[in-house]
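Let me begin by presenting the structure, written as structure tokens, before commenting on it.
The values are calculated or read from the model by the stated rules, or taken from the named source; none is laboratory data. Fair warning: this is a prediction, and the values are worked out from it, not measured in the lab. No Cβ is skipped: glycine too gets one built from the backbone with ideal geometry, and neighbour counts run over all protein chains shown. Protein only, heavy atoms only, side chains kept; ligands, DNA and RNA dropped before computing areas. Shrake-Rupley method; radii C 1.70, N 1.55, O 1.52, S 1.80 Å.
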Amino acid sequence: MTGQHKKKSLAARGWLPNQHGAWAMLTVPLVVGAVLAGRSSVGPAAWLIPLAIAEFAGYFAFNALGLWLHARPGRRAVFRPPMMVYGVLTGLAAIAVLALGGMPLLGWLPAAVVLAGSAIWLSSRKQDRSAASGLITTAMAVGVGLVVRFPAPALIVGDRLATGADLASFIALFGYYGGTVWHVKSLIRKWGDPVARRNSTLWHLVFLVLAVAASITHLLSVGWPAFFALCLARTWWLSSPNRMKRPRPLQIGLLEMGMSVLALVIAIV
């Protein structure tokens, strides 16, 4: 069996998510949070590794749960092992995070419960491909980076200049990854739909305006307005009805990998 066939088999059995774009979304905010924390009084977190394990295992568990919810009753047993293994791993990693990071981290628990519960509810209604579900999972991924930078919500009211700039960086990351939800939808599931193209274009236009305003007030570097201008241009061009054929998923994925690297560089430089 080739490596590719093994990969497909693992995805088909719920052990490996097939949403490859999620890997960058899970990684970049975490790295940005670690870098920004290292530059602040917070310093590097001893619980960063178990947090990363909890994040990835939690996403894998959510993927397996979605497959279990959507499967016919006779096929659900296939998805129970990955759902249970990743679920237990998530729980153990979360306990390690609290043990190393302390009780102040529990301040983020209400937001995490609301977001996770909403994502599971949408998945149970077979709406895990909806824009709402995509934006919720984006908020959770970006939120992990936010937790690394601010181990307790109360820390956000610290040094206003440093806090505002770092917070703006995470909002910008949410703007980019949230934009990919609309962007990919306009290129794949809703190719040729003018409403989908309009939604994607408007989202990127709004964040371009916000990035310009944040740059003027010195909350964000000038790299962010340029980045969102690039995002807007790529969405406008790739979803154009004048194109002879739509981009292939591989092309879309490779482009977004490059965009993720660029967003990471802008956020930490």
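Table: residues versus (1) closer than 19 Å to L105 by Cα; (2) at pLDDT below 90; (3) touching a Lys or Arg at 6+ places or on another chain (Cβ under 8 Å); (4) open to solvent by 60 Å² or more (accessible area, probe 1.4 Å).
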residue	(1), (2), (3), (4)
M25	no, no, no, no
V31	yes, no, no, no
W47	yes, no, no, no
G58	yes, no, no, no
R72	no, yes, no, yes
R80	no, no, no, yes
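Only residues that are more than 11 Å from T138 (Cα to Cα) and in contact (Cβ under 8 Å) with a residue 40 or more places away in the chain were counted across region 172-192, and they come to 11.
Looking at the structure I just gave you, is T180 under 30 Å from K245 (Cα atoms) and part of a helix (DSSP H, G or I)? Against the criterion (under 30 Å from K245 (Cα atoms) and part of a helix (DSSP H, G or I)), T180 qualifies. Checking each residue in region 236-269 for being of a type in the set (S, T, N, Q) and over 17 Å from the mean Cα position of the chain (by Cα) picks out S239, S240, N242, Q251.
Conditions tested, residue by residue: (1) within 29 Å of V269 (Cβ to Cβ); (2) over 20 Å from the mean Cα position of the chain (by Cα).
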{"residue": "V35", "(1), (2)": "yes, no"}
{"residue": "S40", "(1), (2)": "yes, yes"}
{"residue": "E55", "(1), (2)": "yes, no"}
{"residue": "A64", "(1), (2)": "no, no"}
{"residue": "G74", "(1), (2)": "no, yes"}
{"residue": "A77", "(1), (2)": "no, yes"}
{"residue": "P81", "(1), (2)": "no, yes"}
